[in-house]
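Asks: One structure, pasted below without further comment.
The values are calculated or read from the model by the stated rules, or taken from the named source; none is laboratory data. What you see is a predicted model; the values in this text were computed from it and never measured. Here Cβ is always computed from backbone atoms with ideal geometry, including for glycine, and neighbour counts include all displayed protein chains. Note: areas computed on protein heavy atoms with side chains; ligands, DNA, RNA excluded. Shrake-Rupley method; radii C 1.70, N 1.55, O 1.52, S 1.80 Å.
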Amino acid sequence: MGGGAHFSSGHARGGRGHFRAHTHYGVGASHHHASHHLTHATRHAIHHAAHHAVHHEMRHAARHAAAAHQDRFHNVRRAVHASRRFHAGVYRRPNGWYARHWAIGERLPRGWFARDYWISDWAVYGLWAPIDGLIWVRVGPDAMLVDPVTGAIVAVDYALFW
């Protein structure tokens, strides 16, 4: 049951003189054939493990990219309570959403920072000029500095509006 090669003729399977070589390295023929004929469950488990590893790496890379994108604004982050309040008209939250308290680092759903909610006259309300493509948006009584690419909240001026 040592190593070696054996040949099988294609004639046994109805072929025409084709030979296939099988090499055995220190194992018996019965072990050789068992290793080449993995069960469906084993093949599935191997496939699943490989798929999981690739999926995990992709998720890790996406999280890392998002974190690197957010880190661009680490020196801008701040949450303050407005020292002065403004009346800016009635606020209507996006359809299908309920009011809640948002915080720095959370991601606003797209509906919350649609153009209707942008604060383009930010200086009137004592807000600083948005940097690097960020936008100020009104979310209920609060003004939030948001990254429009990711929806990440970078800064908040709580209770700015009434």
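Asks: Modelled with pLDDT under 90, among the polar types (S, T, N, Q) and either surrounded by fewer than 18 Cβ atoms within 10 Å (Cβ to Cβ) or on the phi > 0 side of the Ramachandran plot (or both) - does that describe any residue in region 71-86?
Replies: Yes: region 71-86 contains one or more residues that are modelled with pLDDT under 90, among the polar types (S, T, N, Q) and either surrounded by fewer than 18 Cβ atoms within 10 Å (Cβ to Cβ) or on the phi > 0 side of the Ramachandran plot (or both).
Asks: Only residues that are touching a residue at least 40 places away in the same chain (Cβ under 8 Å) and on the phi > 0 side of the Ramachandran plot: list them for region 114-162, please.
Replies: If the condition is that a residue be touching a residue at least 40 places away in the same chain (Cβ under 8 Å) and on the phi > 0 side of the Ramachandran plot, then Gly126, Asp132, Gly140, Gly151, Ala159 are the ones that fit.
Asks: Here's a follow-up. Give me the pairs, please: first residue somewhere in region 75-104 and within 15 Å of Val137 (Cβ to Cβ) and of a type outside the set (Asp, Glu), second residue anywhere and modelled with pLDDT under 80 and surrounded by 10 or more Cβ atoms within 10 Å (Cβ to Cβ), beta-carbon distance under 6 Å, and either six or more positions apart or on two chains.
Replies: Filtered contacts from region 75-104: Ile104/Arg77; Ile104/Ala79.
Asks: Still on this structure, please answer the following. Within region 106-130, which residues are surrounded by fewer than 17 Cβ atoms within 10 Å (Cβ to Cβ) and over 21 Å from the mean Cα position of the chain (by Cα)?
Replies: First, pick out the residues of region 106-130 that are surrounded by fewer than 17 Cβ atoms within 10 Å (Cβ to Cβ): 106-107, 109-111, 114-116, 118, 120-121, 123-124, 126, 128-129.
Listed by number, the residues that qualify are Ala114, Arg115, Asp116, Trp118, Ser120, Asp121, Ala123, Val124, Gly126, Trp128, Ala129.
Okay, residues lined up against (1) assigned to a loop (DSSP other than H, G, I, E, B); (2) open to solvent by 70 Å² or more (accessible area, probe 1.4 Å):
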residue: Ile104; (1), (2): yes, no
residue: Asp132; (1), (2): yes, yes
residue: Leu145; (1), (2): no, no
residue: Pro148; (1), (2): yes, no
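Asks: Right, another one. Residues being within 15 Å of Pro148 (Cβ to Cβ) and either in contact with a helix residue (DSSP H, G or I) (Cβ under 9 Å, 6 or more places away or on another chain) or at pLDDT 95 or above (or both): count how many of those fall in region 123-134. Before you say what the answer is, go through the steps one by one.
Replies: Going through region 123-134, the residues within 15 Å of Pro148 (Cβ to Cβ) turn out to be 130-134.
After this cut, where a residue has to be either in contact with a helix residue (DSSP H, G or I) (Cβ under 9 Å, 6 or more places away or on another chain) or at pLDDT 95 or above (or both) as well, the list is 130, 134.
Final tally of qualifying residues: 2.
Asks: Taking region 110-119, which residues are part of a loop (DSSP other than H, G, I, E, B) and either touching a Cys at 6+ places or on another chain (Cβ under 6 Å) or at pLDDT below 95 (or both)?
Replies: Ala114
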